[in-house]
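Remarks on the structure that follows.
Values quoted throughout were computed directly from the atomic coordinates according to the rules given, and no laboratory measurement underlies them. None of the values given here were measured: they were computed from a predicted structure. Ideal geometry is used to build each Cβ from the backbone, glycine not excepted, and the neighbour counts take in all protein chains shown.
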Amino acid sequence: MFKHALIIFVLGLTLAAQAQTFPTKPVRIITPFPVGTSATAGPLYRAGKLKFLAIAAPKRLPAYKDVPTVAEAGGPKDFEVSGMTVIAAPRGLPKAVADKISADIAKALAEPDMREKFVSFGYELFTPSREQFGQYIQAESARQAAVILKAKAALD
């Protein structure tokens, strides 16, 4: 759905690292289930130093059209990990000021060069109204609560 930053689900990592016992041979390192964002891991991917096996999103990202989703790669069909960048203001900020800030941000993000830059990071832009954002947060909270309950995760 709407995500600022979709987290890339990286299952394998190939580095031209040098091991102590084989100083002249590259070593292939396989790390199960490391997670990095499209913005942080993307440069390594584009440089050929990292291979994305799947993206934890409901659909492929425009910046990584050749990388399948987790479902397309044979994983769970509803596997999704996301993050977001939010600009928040203190409680009590006058509505007119909040609306002006929101409109200015939406206008800036609509500029082709800004949109292109964010898409190149693998971000999906989402500039909701306050009401839409509140609904999104409620839906995500319910979805994540279900995951926590199913996993029986607890803070110790």
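Other residues whose C-beta falls under 10 angstrom from the C-beta of Ala71 contribute a net charge of -1, scoring Lys and Arg +1 and Asp and Glu -1.
Taken along the Cα-to-beta-carbon direction at a fixed 7 Å, the label points for Leu155 and Asp78 span 2.6 nm. Karplus-derived 3J(HN,Hα) values for segment 83-88, using 6.51 cos²θ - 1.76 cosθ + 1.60 with θ = phi - 60°, are x, 8, 10, 10, 9, 10 Hz; glycine and proline are entered as x.
The H on the amide N of Ser82, modeled in the peptide plane, is under 5 Å from the matching H of Ile7, each at least 5 residues off or on a different chain. Residues whose amide H falls under 5 Å from that of Gly36, counting only those 5 or more places apart or on a different chain, are Ile8, Val10, with hydrogens built in the peptide plane. For the cross-link pairs Lys51/Lys77; Lys65/Lys107; Lys51/Lys117; Lys59/Lys107; Lys65/Lys95; Lys65/Lys152, which exceed 32 Å when the distance is taken from alpha carbon to alpha carbon? Violating the 32 Å Cα-Cα cut-off are Lys65/Lys95; Lys65/Lys152.
Between Thr69 and Ile55, the built amide H atoms are under 5 Å apart, and every one of these is 5 or more places off in sequence or on another chain. Using Cβ contacts closer than 10 Å as the measure, can you line up Asp66, Asp78, Asp156 from fewest to most? Ranked by crowding around the Cβ, least crowded first: Asp156, Asp66, Asp78. Electrostatic tally near Ile105: other residues with Cβ closer than 15 Å to its Cβ, Lys and Arg +1, Asp and Glu -1, net +2.
Derived scalar couplings between HN and Hα for segment 137-150 equal 4, 4, 5, 5, 4, 5, 5, 5, 4, 5, 5, 4, 5, 5 Hz in order, rounded to whole Hz, by the Karplus curve 6.51 cos²θ - 1.76 cosθ + 1.60 (θ = phi - 60°), x for Gly and Pro.
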